Structures are given as C-alpha cells and as structure tokens.
Amino acid sequence: MAGGIGLVAGMRSMMAPALVSRYLGGRRRRETALPMRLLGHPAAPTVTAVLAAGELVADKLPQTPARTEVPSLIGRVLSGTLCGAAIGIRLKAPVAATALVGGVTALGSTFMMYHARHLADRFVPDLATAIAEDALAIGLGTSVLR
C-alpha cells in the first residue's frame with residue numbers, strides 16, 4: 001500500500017496526501033505522530049484536495065519547472081514518505097519501513113514518469129499526456145487505498 005501511494009506521490013505530489021487524508025477519514029485521532037496529526041486532521045481532506053486540484057492545473061502551465069528539479073523532487077519524496085508513514089501507523093505496520101517505501105517509491109516514480117511523459121510527447125500532445133497521468137494517479141491511488 002505504501003509503495004502504491006509512493007507511485008502516486010511521484011506523479012502528483014499533492015494527490016497522495018489528498019487521497020490518504022480521505023482514507024484516514026479526516027477524523028482527529030489521539031495519535032501524537034506527525035503524519036496522523038497532519039493527514040488525520042478534520043480539515044486535511046479539504047485542504048489537500050484544494051492543493052491537489054491546484055497542482056493538476058499548475059502541471060499544465062509552461063512555466064512549471066520539471067518534476068526532477070530539486071525543490072519539486074524533495075516535495076514528492078516528502079509526500080511519499082509522509083503518506084507511507086501515515087499508512088504504516090493506520091495499519092499498525094512498521095512505520096519506518098512504510099515511510100521508507102513511500103519515499104523511495106516516490107523518488108523512482110518521479111523519474112519514471114518524467115521519462116514516460118517525454119517519450120509519450122513524441123506521439124501525442126503534452127496536454128493529453130498530462131491528463132492521462134492525472135487520471136492514472138487518481139485511479140491508482142484510489143484503488144491502492146481500497
């Protein structure tokens with residue numbers, strides 16, 4: 001599960017927290033762990049959904065930097081790590097392991113999708129590829145968290 005959500009974080013950094021916060025139910029828990037305090041907060045599903053929607057739009061803009069540039073790359077890895085940790089806490093799995101899996105998978109997914117997008121751009125318009133990646137991120141994330 002942490003690996004799947006890490007894949008999503010590598011595609012769309014805010015989509016993963018948006019989906020995980022919905023999975024957690026947006027109910028404040030007595031958890032003291034940071035991932036649960038952030039993603040389990042009652043406002044988290046709304047806030048992260050707005051941020052994810054903004055990212056879906058921003059991805060299509062020509063001035064948006066490449067996902068492989070350091071700030072974006074760090075954001076994607078942190079997103080995968082945070083979501084992996086929250087899933088580990090929720091499932092009572094080893095949190096360090098699920099956080100690591102989420103972060104490393106996000107890192108790999110970032111580069112994998114970067115190259116896949118550039119390859120696909122040879123055959124179809126970039127906008128179509130970007131929309132297909134959006135749909136893949138949403139579909140994969142939703143099915144992973146079922």
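Values in this text are rule-based calculations from the coordinates and carry no lab data. Note that the structure is a prediction, hence the values are computed from the model and not measured. Neighbour counts are summed over all protein chains in view; Cβ atoms, including those assigned to glycine, are modelled from backbone coordinates with ideal geometry.
How many Å³ per residue does the convex hull of the Cα positions in the chain occupy?
Details: hull volume 13.3 nm³, N = 146.
Convex hull volume per residue, Cα atoms: 91 Å³.
Given the Cα-Cα distance of L136 and T32 and 0.36 nm per residue of separation, how much length would full extension add, in nm? Please report the intermediate quantities before stating the final value.
Working: separation 104, 0.36 × 104 = 37.44 nm, distance 3.29 nm.
Between L136 and T32, full extension yields 34.2 nm more.
If you plug the beta carbon distance of L51 and F123 into 1/(1 + (r/R0)^6) with R0 = 41 Å, you get a FRET efficiency near 0.85.
Mean sequence separation of contacting Cα pairs (under 8 Å, at least six apart), scaled by the length of the chain, corresponds to a relative contact order of 38 percent.
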